[in-house]
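Take a look at the structure set out below.
The values are calculated or read from the model by the stated rules, or taken from the named source; none is laboratory data. What you are looking at is a predicted structure, and each value in this text was computed from that prediction instead of being measured. Neighbour counts are summed over all protein chains in view; Cβ atoms, including those assigned to glycine, are modelled from backbone coordinates with ideal geometry.
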Amino acid sequence: MKDSLDLERLLVPLAIAATFSVAASFSLPAVAFAASFRGLGVLPGGEYPYSKALDISADGSVVVGESLSANGLEAFRWSASTGMVGLGNLGGVESFSSALGVSADGLVVVGGSSSPQSGSRSEAFRWTAATGMVGLGALPGGEEYSSAASGVSGDGSVATGSSTSDLSPTWGEAFRWTEVTGLVGLGVLPGSEIPTTVPERISADGTVVVGWAFTENGREAFRWSEADGLVGLGDLPAGNFDSWARGVSAEGSVIVGSALNPGPTSFLWAAATGLVDLGRPPGGNSSSAWGVSADGLVVVGDAGVAGERVPAIWDESHGMRNLVDVLVDLGLASDMAGWDLELAKAVSADGLTVVGWGYNASGGQEAWIANLGQPSLVEIPTVSRAALIVFGALLATVALVTLRLR
């Protein structure tokens, strides 16, 4: 009898332990979402309330843009911990600045500012907390001293923008800047009576610049790399020849922008496909793409729907959608009460945090940030069919051994 009892004491805990071990091996992830929407406010002292969000850091924690303040139009940097902070300007007769691009970690900001050299026009700047706002100069040969930086690489070491130059004395030539080289002109596409290249963004790795240029055909989106130089991306098949690139994926393989097909529509470009029409939201008659996630799978911009301008978002599974509808479906209707959202300008690397601008409940134009929900994987033990079979077999074994010993 003692042998039987000892064996039961040994086998029963083993059976239970084995069952929970198998069950744990079949755990499933539960996804929790924390969608949110908020206005970013405005800088103090402005003639009237006004702010626009123009870029977001890769991790979604820092937003940059412009706001009216006591200094006039002023570049800002925003984070949840600091709120909106003005970055000042380079001085000069005029008093203005605008932040157009931000590094992946939010520590480097680029844009354009008034300066003593630029008169009524702007000079490209690079800002860090350590250096403050530093002017980057302009390319030689322009009729007027004018430049602005529109994008920066992920590590903040490479910037792109446009500057008047000997190739484009009045309109501007695309440049690429590093601390070692200074401003280096990227040239213009051939054939236009108005030689100009206007870069919009640079890839996170700093190797690809995208934007638009005037050509003999009209305005044309371009891609620049050190290996290939300036390359026109063509146009969609219908409508007048008109395309412009505004966003690029982290490694430069996916480009987004807008073209006519025949009306304004968003496009996505890859080397294998060329320009692909991304369509319009349901009920929409136009769309424009402004930003893209690091992997090229999420695109944001704006669209015309029922006579209104609305922010838009695209992914391959859902197509082009009105972002307002998406946010309402995420339960954010009360957070957006009274707001008229206009445009989504940029998106974080993971495609989950979007920034743009619209009109708040008081009627002022204000920057906003929306999070579509951050996945949080939690392992939840579940008793699988396999676990139940093992559990039953082990209990049967215990019972059989017990009976035989008795």
Next item on the list: Could you tell me whether any residue of the range 301-314 is of a type in the set (Phe, Trp, Tyr), buried (at least 21 other Cβ atoms within 10 Å of the Cβ) and modelled with pLDDT of 95 or more?
Entry: yes
Check: Looking only at residues in the range 165-204 that are polar (S, T, N, Q) and out of contact with any strand residue (DSSP E or B) (no Cβ under 7 Å at 6 or more places or on another chain), which one is farthest from Ser114 (Cα to Cα)?
Finding: Thr181
Notebook entry, point to check: Does the range 96-109 contain at least one residue that is over 19 Å from Val62 (Cβ atoms) and not in a strand (DSSP E or B)?
Noted result: no
Next item on the list: Confirm whether Val390 is assigned by TED's automatic domain parsing to the domain that holds Gly257 and either surrounded by 12 or more Cβ atoms within 10 Å (Cβ to Cβ) or at pLDDT below 95 (or both).
Entry: no
Check: From Ser162, Ser150, Ser168, which residue is assigned to a loop (DSSP other than H, G, I, E, B) and either in contact (Cβ under 8 Å) with a residue 24 or more places away in the chain or not assigned by TED's automatic domain parsing to the domain that holds Asp59 (or both)?
Finding: Ser168
Notebook entry, point to check: What number of residues within the range 98-121 satisfy the criterion of being closer than 27 Å to Asp205 by Cβ and either crowded, with 22+ Cβ neighbours inside 10 Å or modelled with pLDDT under 95 (or both)?
Noted result: 12
Checklist line | In the range 279-301, the residues that are assigned to a strand (DSSP E or B) and closer than 15 Å to Gly239 by Cβ | finding: Gly279, Asn285, Ser286, Ser287, Ser288
Next item on the list: Considering each residue of the range 179-219, count those that are in contact (Cβ under 8 Å) with a residue 24 or more places away in the chain, assigned to a strand (DSSP E or B) and either surrounded by 24 or more Cβ atoms within 10 Å (Cβ to Cβ) or on the phi < 0 side of the Ramachandran plot (or both), and give that number.
Entry: 17
Margin query: Step by step: first the residues of the range 278-293, then only those that are under 22 Å from Ile202 (Cα atoms) and not hydroxyl-bearing (Ser, Thr, Tyr), then the one that is surrounded by the fewest Cβ atoms within 10 Å (Cβ to Cβ). Which residue is that?
Written below: Leu278
Item checked: Single match in Ala250, Ala333 (criterion: over 15 Å from Val354 (Cα atoms) and surrounded by fewer than 18 Cβ atoms within 10 Å (Cβ to Cβ)) -> Ala333
Next item on the list: Have a look at Val383, Val398 and point out the one that is over 25 Å from Ser286 (Cβ atoms), part of a loop (DSSP other than H, G, I, E, B), touching a helix residue (DSSP H, G or I) at 6+ places or on another chain (Cβ under 6 Å) and modelled with pLDDT under 95.
Entry: Val383
